[in-house]
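K.L.:
Got a structure for you, written out below as structure tokens; questions coming shortly.
The values are calculated or read from the model by the stated rules, or taken from the named source; none is laboratory data. Predicted, not measured: the structure shown is a model, and the values here were computed from it. Here Cβ is always computed from backbone atoms with ideal geometry, including for glycine, and neighbour counts include all displayed protein chains. All accessible areas refer to the heavy atoms of the entire protein, side chains included, with ligands and DNA or RNA removed. Shrake-Rupley method; radii C 1.70, N 1.55, O 1.52, S 1.80 Å.
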Amino acid sequence: MNHYETVFIATPVLSDIQAKEVLSKFRGVITENGGQIVNEEDWGLKKLAYPIQKKTTGFYFMIEFTSESGAIVEKLELQYRRDERIIRFLTFKQDKYAVEYSEKRRNKNKSAAAAAQTSNQE
């Protein structure tokens with residue numbers, strides 16, 4: 001089983017609903033081609049390091065997934081290139097150290113979210 005991580009930036013002119021639609025589209029591309037989504041994060045609207053297509057901000061999304069074959073990456077990146085709402089993307093195969101780090105980061109984020117929720121309830 002191969003582990004992958006993909007990060008993509010959507011154009012900032014989208015509404016929040018449209019940004020969620022972009023995320024669900026690429027989530028569907030992954031699952032339709034035999035991938036299982038492990039984790040996904042919506043990093044929100046962030047400033048770009050340098051202007052891309054005359055834009056200085058973008059909606060950042062990250063999806064971690066697993067798949068048996070590497071062909072899913074080609075299909076996913078083809079969809080990124082075809083979608084005019086995507087201004088940048090990067091997909092890479094995680095080695096065992098990256099997978100281990102991702103799991104630690106997810107567990108840390110979950111415990112921080114749980115602690116924040118319990119403090120809000122008090």
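K.L.:
Can you name the strands (runs of 3 or more DSSP E) wholly within region 1-72 that have at least 2 residues being in contact with a Leu (Cβ under 7 Å, 6 or more places away or on another chain) and over 30 Å from Lys96 (Cβ atoms)?
P.N.:
Ranges flagged: 55-67.
K.L.:
May I ask you to list the residues in region 1-38 that are in contact (Cβ under 8 Å) with a residue 60 or more places away in the chain and closer than 11 Å to Leu76 by Cβ?
P.N.:
Answer for region 1-38, where residues must be in contact (Cβ under 8 Å) with a residue 60 or more places away in the chain and closer than 11 Å to Leu76 by Cβ: Tyr4, Thr6, Phe8.
K.L.:
Something else: Taking region 77-108, which residues are part of a helix (DSSP H, G or I) and in contact (Cβ under 8 Å) with a residue 12 or more places away in the chain?
P.N.:
Glu77, Gln79, Tyr80, Ala98, Val99, Ser102, Arg106
K.L.:
Just the residues that are among the aromatic types (Phe, Trp, Tyr) and farther than 27 Å from Lys25 by Cα, please, taken from region 77-100.
P.N.:
Tyr97
K.L.:
Looking only at region 52-109, count every residue that is in contact with a Ser or Thr (Cβ under 9 Å, 6 or more places away or on another chain) and surrounded by fewer than 13 Cβ atoms within 10 Å (Cβ to Cβ) and tell me the total.
P.N.:
Number satisfying all stated conditions: 4.
K.L.:
Are any residues in region 60-86 under 14 Å from the mean Cα position of the chain (by Cα) and either within 20 Å of Leu48 (Cβ to Cβ) or among the acidic types (Asp, Glu) (or both), and if so, which ones?
P.N.:
Tyr60, Phe61, Met62, Ile63, Glu64, Glu77, Tyr80, Ile86
K.L.:
Taking region 1-38, which residues are of a type in the set (S, T, N, Q), under 20 Å from Ile87 (Cα atoms), open to solvent by 40 Å² or more (accessible area, probe 1.4 Å) and touching a Lys or Arg at 6+ places or on another chain (Cβ under 9 Å)?
P.N.:
Result: Gln18, single match.
K.L.:
Just one of the numbered conditions (1) over 15 Å from Asn2 (Cα atoms); (2) touching a residue at least 60 places away in the same chain (Cβ under 8 Å); (3) not in a strand (DSSP E or B) is not true of Ala115; which one?
P.N.:
(2)
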